[in-house]
Amino acid sequence: MAITRNFKVLSNDIASKADNDMSKRLSAPRMRTIDEVSKLTGLSYTFIRKLCLNGKIVHVKTGRKYLVNLDKFYEYLNTGDKQENISC
């Protein structure tokens with residue numbers, strides 16, 4: 001009985017530590033609507049929507065709304081389009 005009780009306590013401790021470690025590594029992306037991103041950045045709604053439609057920025061369409069991954073959007077603004085190698 002004592003061995004079983006100790007095992008349950010130990011397994012609960014291991015599970016809680018694993019949950020804590022995972023929560024430190026995983027974080028939910030900051031998602032914002034196009035309108036919110038437009039207000040934050042000063043860029044037009046239409047420009048951001050075109051980036052979504054052309055697959056240039058990370059987004060999710062939920063019903064009629066587009067949710068933009070804010071961190072990836074800022075990354076895109078800082079790096080721009082990746083240039084493809086074009087040989088003449």
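Readers should treat all values here as calculations from the given coordinates under stated rules, not as data from a laboratory. As the structure is a computational prediction, the values presented were derived from the model and not from experiment. Backbone-built Cβ (ideal geometry, glycine too); neighbour counts: all protein chains shown.
General remarks:
- Charges were assigned to the Cβ only: +1 to each Lys and Arg, -1 to each Asp and Glu. The resulting dipole of segment 31-79 about its Cα centre is roughly 240 debye.
- Sequence of ARG25, ARG49 once ranked by neighbouring C-beta atoms within 10 Å, starting from the fewest: ARG25, ARG49
- Cα-based convex hull volume of segment 31-79 per residue, rounded to whole Å³: 65
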